[in-house]
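Take a look at the structure set out below.
The values are calculated or read from the model by the stated rules, or taken from the named source; none is laboratory data. Predicted, not measured: the structure shown is a model, and the values here were computed from it. Here the Cβ positions follow ideal geometry from the backbone for every residue, glycine too, while neighbour counts run over all protein chains shown.
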Amino acid sequence: MKILLISANLAKSPHPVYPLGMSIIANALESSGHHVIQFDFLQHDTSLPDVAAAVQQHKPDLVGISLRNIDSCNALNERKYVDGVRQIIEVVRRESSAPVVLGGSGFSIMPETVLDTVGADYGIVGEGERAIVDFVEKASRGEFPKERCLRAEPGLQGREILSARYDADIMSFYRKNGNIAGLQTKRGCTHKCVYCSYPVLEGPRIRPRDPALVVDDIRTLTEKHGASHIFFTDSVFNDDAGRYLELVHEMRRQEIKTPWLAFFKPDGLNDENVALMRETGLCAAEIGSDAASDAALKGLGKGFCFKDVLECTELLGRHGIAAAHYFMFGCPGETPELVLEGIENIKQLEKAAVFVFMGIRILPGTALVKIARRDGLISDDDKDLLEPAYYISPALDRKWLEQTLTEALGPLDNCAFPPDAVDHKLDYLHRLGYEGPLWDLLLKERERKLKRRSRLKLSPKTTSPTQRTKAHD
């Protein structure tokens, strides 16, 4: 069959993300003998006429659409993405009678609701590699399932987790927008954070890919597609079982030096493994610190404290690795006193970039749903949660919280509140051709400013001897 795959992602903050999920599905389908065309909505500047042109040109037998995010998860600047998928499907319907199948992490969080909202024919929930191949094989014979939502349990591991079929044309767009290529090294999450959907989507156990195949992917991205930076897209790179070190050792054995970054938790690192990662190209770390006080961290179900956040930042700094932290205010149990404590804690992270969210997006399947119902923030009738709902501790006044965070964090030039406050700077740097996560460039700019201020304070004033005497008097 001829299949048109469309990535419907619109999010670009803090940097545009290559449509990895779509490309993995493309590999699964092409490996089964089907002809696949990949189309990235973001690359085409969200142009619906371009979608129509792609359908007209390729005349697909089936259209698959990947939804990465439901919305921006930013209470102060909400962007809803599901309407964009509905518009894409309307265009496809006008141009073709091909069945439309949905997939992706955003879809899998609330599948029935999204399916009904956007008007697709079918949806695959969870890991789609095998399920989509089975669906297409049957569809080619005119056989379609009675159920509209097909559920795939998370069970692939090792070599069963396929590489992405990176598209050269799509990659050229991301090369011009930060030049960061996404790559998955494992699936699953063993943590029990109350707000997080990763265990729901990928299961509660770690399923690593073959390290040698991951290194092959790194070489493909750098040597064939010209990627200058790799982003490991795992929910948490430094898993407690240490499987990430198996990959890092393989990277060192094969002399990988490509700059890379990943999402880390702040505990469990030491000088030895950070030095090893630095040797293989680790240049920046995005850290899920999440809350800025010990009590708030406990409310989120975290297993570390703020001391670990500080020590992690200092550890990475010793090895020359830029760090960015992500914090949320309004956590379960958080009070005005804890907010003020958290602000003072954040001020200690002078050498790191800090992105701050107000409120926590409530997602189906997470423990936060029960907490929010207990605290009266959502009702039993709010079952699908497609309309963005945010948890903010009942002990906090929303207006007070926003004003307090704005006044305290706004003047900090290493801090972004709301989290998209520096997006215009990052977009500008992209247009100038800068590559990488770019928030590390903001840190370097801040460091230069601090050095200039320090030199000005230390430099002697050009005054006459009489003036100097009066000054000393």
Candidate set: the stretch 140-185, residues that are under 24 Å from residue 2 (Cα atoms) and touching a strand residue (DSSP E or B) at 6+ places or on another chain (Cβ under 6 Å); chosen: the one surrounded by the most Cβ atoms within 10 Å (Cβ to Cβ): 167
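Residues to consider are 236, 200; find the one that is surrounded by fewer than 20 Cβ atoms within 10 Å (Cβ to Cβ), closer than 30 Å to residue 332 by Cα and of a type in the set (A, V, I, L, M, F, W, C).
Details: 236 fails: surrounded by fewer than 20 Cβ atoms within 10 Å (Cβ to Cβ).
Step by step, each of 236, 200 is checked, and only 200 is surrounded by fewer than 20 Cβ atoms within 10 Å (Cβ to Cβ), closer than 30 Å to residue 332 by Cα and of a type in the set (A, V, I, L, M, F, W, C).
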Restricting the stretch 384-403 to residues that are surrounded by 18 or more Cβ atoms within 10 Å (Cβ to Cβ) and farther than 18 Å from residue 78 by Cα, which is nearest to the chain's Cα centre (by Cα)? 393
Which condition breaks for residue 273 when tested against (1) touching a Phe, Trp or Tyr at 6+ places or on another chain (Cβ under 9 Å); (2) within 20 Å of residue 240 (Cα to Cα); (3) not in a helix (DSSP H, G or I)? (3)
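Give the residue that is surrounded by the most Cβ atoms within 10 Å (Cβ to Cβ), with candidates limited to residues of the stretch 316-355 that are part of a loop (DSSP other than H, G, I, E, B) and of a type in the set (A, V, I, L, M, F, W, C).
Kept after step one, since they are part of a loop (DSSP other than H, G, I, E, B), are these residues of the stretch 316-355: 319-321, 330-335, 347-352.
Filter once more, keeping what is of a type in the set (A, V, I, L, M, F, W, C): 321, 331, 349, 352.
Values: 321: 19, 331: 31, 349: 23, 352: 26.
Among those that are part of a loop (DSSP other than H, G, I, E, B) and of a type in the set (A, V, I, L, M, F, W, C), it is 331.
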Is it the case, given these coordinates, that residue 372 is in contact (Cβ under 8 Å) with a residue 24 or more places away in the chain and of a type in the set (Gly, Ala, Ser)? no
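For the stretch 276-315, which positions are of a type in the set (Ser, Thr, Tyr) and either part of a loop (DSSP other than H, G, I, E, B) or not assigned by TED's automatic domain parsing to the domain that holds residue 215 (or both)? Steps first, please.
Initial filter on the stretch 276-315 (of a type in the set (Ser, Thr, Tyr)): 280, 289, 293, 313.
Selection gives 280, 293.
Residue-by-condition table, conditions (1) at pLDDT 95 or above; (2) in a strand (DSSP E or B); (3) charged (D, E, K, R):
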{"site": "215", "(1), (2), (3)": "yes, no, no"}
{"site": "220", "(1), (2), (3)": "yes, no, no"}
{"site": "223", "(1), (2), (3)": "yes, no, yes"}
{"site": "231", "(1), (2), (3)": "yes, yes, no"}
{"site": "238", "(1), (2), (3)": "yes, no, no"}
{"site": "245", "(1), (2), (3)": "yes, no, no"}
{"site": "251", "(1), (2), (3)": "yes, no, no"}
Among the numbered criteria (1) at negative phi; (2) touching a helix residue (DSSP H, G or I) at 6+ places or on another chain (Cβ under 8 Å), which single criterion is violated by residue 46? (1)
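Return the only residue of 380, 413, 420 being of a type outside the set (Ser, Thr, Tyr), over 23 Å from the mean Cα position of the chain (by Cα), farther than 19 Å from residue 338 by Cα and not in a helix (DSSP H, G or I). It would help to see each step written out before you state the result.
Values: 413 fails: over 23 Å from the mean Cα position of the chain (by Cα); 420 fails: over 23 Å from the mean Cα position of the chain (by Cα).
One residue alone meets the criteria, 380.
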Tally time: how many residues in the stretch 1-47 are over 29 Å from residue 433 (Cα atoms), part of a loop (DSSP other than H, G, I, E, B) and in contact (Cβ under 8 Å) with a residue 40 or more places away in the chain? 3
Anything in the stretch 123-139 that is of a type outside the set (A, V, I, L, M), out of contact with any helix residue (DSSP H, G or I) (no Cβ under 7 Å at 6 or more places or on another chain) and crowded, with 18+ Cβ neighbours inside 10 Å? List them, or say none. 127, 135
Considering only residues that are part of a strand (DSSP E or B) and at pLDDT 95 or above, look in the stretch 60-86 and name the one that is surrounded by the most Cβ atoms within 10 Å (Cβ to Cβ). 64
